[in-house]
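Participant: Here it is: the structure, laid out below.
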Amino acid sequence: MTLAAAAGTAPQGFLSPTGVEIAFLLIGLVTFGAAVVTVTTRQLVHAALWLVVALGGLAVEYLLLTAEFIAWVQVLIYVGSVIVLLLFGLMLTRAPIGRSPDADSGNRPVALAVAVAAAAALVWVVVDAFRTTWIDLDGAPAGSTDVMGASLFQHWVLPFEALSVLLLAALVGAIVLSRRAKAGAKAGTKAGTPGDAEGDR
């Protein structure tokens, strides 16, 4: 066996990462930074756009993990639907898109502590649940369309439909709120017109 062949079969470790592992780490850092900016910015539209970057970074991470179906679902549903729904909600409710004192409650230390505790608990649960689980990259792809479609429509049909109903309810709620605001503005305009006319007299 030659030296090149021996080097090719040598196991990879933390001191000799592959190109995929380096790309995974760099994209993970970009995704983490975008997520931090999403929850710290006071501009709602900027938060939505940075959320697009964070969700897109997750889609790329799924591609690097050979889970193509999950990656495209991430792009189509979360980047393509959830963000559009959020922006439509902002436009329909005419929410302030700039800096607003209502968006800052002054409880940032408490929120940060709760977020850190929730993240630590989530990481501990995931690591404990999948500590001895390994992905066989040489076997059947775990993230392919056939595998994920069978798992989704056999075991996760109810949560999938519940999520679609939740998104529909959010859109309907935004439309109802916008119609109430317009009706209130028209009623105020009509009520103020006779008074103005009498004042002019």
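The values are calculated or read from the model by the stated rules, or taken from the named source; none is laboratory data. Keep in mind that what you see is a predicted model, and the values were worked out from it rather than measured. Backbone-built Cβ (ideal geometry, glycine too); neighbour counts: all protein chains shown. Accessible surface is based on the protein model in full, side chains and every heavy atom, while ligands, DNA and RNA are left aside. Shrake-Rupley method; radii C 1.70, N 1.55, O 1.52, S 1.80 Å.
Participant: Quote the accessible area belonging to H46 in square angstrom, nearest 10, computed with a 1.4 Å probe and with ligands, DNA and RNA left uncounted.
Facilitator: Approximately 90 Å² of H46 is accessible to the 1.4 Å probe.
Participant: If you don't mind, there's one more thing I want to ask. Leaving out ligands and nucleic acids, note down the accessible area per residue over the range 25-70 with a 1.4 angstrom probe, in whole Å².
Facilitator: Spelled out: the 1.4 Å probe surface of the range 25-70, per residue, equals 57 Å².
Participant: If you rank W72, W50 by how much accessible surface each has, with a 1.4 Å probe, what is the order from largest down?
Facilitator: Values: W72 145, W50 110 Å².
Heavy-atom accessible area, descending, gives W72, W50.
Participant: Could you tell me the accessible area of R131 in Å² (1.4 Å probe, neighbours in place), rounded to the nearest ten?
Facilitator: R131 exposes around 150 Å² with every protein chain in place.
Participant: Given the Cα-Cα distance of A120 and T18 and 0.36 nm per residue of separation, how much length would full extension add, in nm? Can you show the working numbers first?
Facilitator: Numbers: separation 102, 0.36 × 102 = 36.72 nm, distance 2.79 nm.
Going from the current span to full extension adds 33.9 nm.
Participant: Right, something else. Mind giving me the FRET efficiency for E68 and R179? R0 is 30 Å, r the Cβ-Cβ distance, nearest 0.05 is fine.
Facilitator: According to the calculation, E is roughly 0.10.
Participant: If you roll a 1.4 angstrom probe over the protein chains with everything in place, what fraction of the accessible area of the range 31-91 belongs to carbon and sulfur, to the nearest %?
Facilitator: Details: 2690 of 3330 Å².
Answer for the range 31-91 is 81 percent, counting heavy atoms of protein chains only.
Participant: Between R131 and L163, how many nm apart are label points set 7 Å from Cα along the C-beta direction?
Facilitator: Reported label-point gap for R131 and L163 is 2.9 nm.
Participant: Give the accessible area for M91 in Å² (nearest 10); use a 1.4 Å probe, count only protein heavy atoms, and leave out ligands, DNA and RNA.
Facilitator: Using a 1.4 Å probe on the heavy atoms, I get roughly 120 Å².
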